[in-house]
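Visitor: Mind having a look at this structure? Questions to follow.
The values are calculated or read from the model by the stated rules, or taken from the named source; none is laboratory data. Treat the numbers as computed from the prediction; the structure is a model and nothing was measured. Please note: Cβ atoms are built from the backbone with ideal geometry, for glycine as well, and neighbour counts cover all protein chains shown.
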Amino acid sequence: MELTHINIDGRAKMVNIEGKEITVRTAVAYSEVNMNSGTLEKIHEGLIGKGDVLAVAQVAGIMACKNTSSIIPMCHPLVITGCDISFELDFLRSKISIKAIVTTEGKTGVEMEALTAVTAASLTIYDMCKAIDKEITINNIMLLSKTGGKSGVFERS
């Protein structure tokens with residue numbers, strides 16, 4: 001199997017996507033932020049001193065999605081046609097589940113953009129709540145699905 005990110009000298013390179021077909025591509029990524037139940041209640045009630053945690057996390061995720069190529073060295077700059085981030089508060093398990101759906105029409109996929117979006121949203125929740133909850137954890141960052149391109153459809157089982 002040929003490694004596409006390695007040049008003939010064995011060094012990293014950005015893959016040439018020049019000859020690839022433009023297709024509609026989507027990716028869905030997921031993460032969880034676990035916290036103390038009191039912290040989750042304060043987020044829900046809008047009582048975190050730094051502001052509306054989920055609104056700020058949503059904007060952070062979208063901004064990160066659009067800037068993925070600036071922080072992940074081998075990612076191509078993409079025109080993102082859509083980025084939607086949703087949050088589910090689970091009071092029983094004391095966690096927030098985050099899902100990002102990212103779309104583009106291009107020559108390469110948006111998996112890294114979706115993963116970056118949920119990661120930045122998770123880190124923003126941590127940042128806004130760390131003063132009251134030092135035990136917050138970020139878990140289960142993963143790609144749930146992707147469509148488009150030569151490799152076709154991927155669905156996590």
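Visitor: Name the residues in the stretch 1-54 that are part of a loop (DSSP other than H, G, I, E, B) and touching a strand residue (DSSP E or B) at 6+ places or on another chain (Cβ under 8 Å), would you?
Guide: First, the residues of the stretch 1-54 that are part of a loop (DSSP other than H, G, I, E, B): 1-5, 7-11, 13-22, 35-36, 46-52.
Of everything in the stretch 1-54, those that are part of a loop (DSSP other than H, G, I, E, B) and touching a strand residue (DSSP E or B) at 6+ places or on another chain (Cβ under 8 Å) turn out to be His5, Lys13, Ile22, Met35.
Visitor: A further question follows. Report the residue count in the stretch 77-128 for those that are crowded, with 16+ Cβ neighbours inside 10 Å and within 24 Å of Phe154 (Cβ to Cβ).
Guide: 30
Visitor: Which of the numbered conditions does Met74 fail, given that it passes all the others? Conditions: (1) touching a Gly at 6+ places or on another chain (Cβ under 6 Å); (2) more than 22 Å from Ile125 (Cβ to Cβ); (3) of a type in the set (A, V, I, L, M).
Guide: Result: Met74 passes all but (1).
Visitor: Give the residues of the stretch 2-44 that are closer than 23 Å to Leu143 by Cα, at pLDDT 95 or above and either touching a Pro at 6+ places or on another chain (Cβ under 8 Å) or not β-branched (Val, Ile, Thr) (or both), sorted by residue number.
Guide: Arg25, Ala27, Ala29, Tyr30, Ser31, Glu32, Asn34, Met35, listed by residue number.
Visitor: Right, Val24: in contact with a helix residue (DSSP H, G or I) (Cβ under 7 Å, 6 or more places away or on another chain), in contact (Cβ under 8 Å) with a residue 60 or more places away in the chain and under 26 Å from Lys107 (Cα atoms) or not? Explain how you work it out, then say what you get.
Guide: Details: in contact with a helix residue (DSSP H, G or I) (Cβ under 7 Å, 6 or more places away or on another chain): no; in contact (Cβ under 8 Å) with a residue 60 or more places away in the chain: yes; under 26 Å from Lys107 (Cα atoms): yes.
Judged against the criteria, Val24 is not a match.
Visitor: Tell me which residues, restricted to the stretch 64-89, are touching a residue at least 24 places away in the same chain (Cβ under 8 Å) and closer than 19 Å to Ile43 by Cβ.
Guide: If the condition is that a residue be touching a residue at least 24 places away in the same chain (Cβ under 8 Å) and closer than 19 Å to Ile43 by Cβ, then Ile85, Phe87, Leu89 are the ones that fit.
Results for (1) assigned to a loop (DSSP other than H, G, I, E, B); (2) of a type in the set (A, V, I, L, M, F, W, C), shown as yes or no for each residue.
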residue: Gly82; (1), (2): no, no
residue: Ile85; (1), (2): no, yes
residue: Arg93; (1), (2): yes, no
residue: Thr108; (1), (2): yes, no
residue: Ala120; (1), (2): no, yes
residue: Leu123; (1), (2): no, yes
residue: Met128; (1), (2): no, yes
residue: Asp133; (1), (2): yes, no
residue: Leu143; (1), (2): no, yes
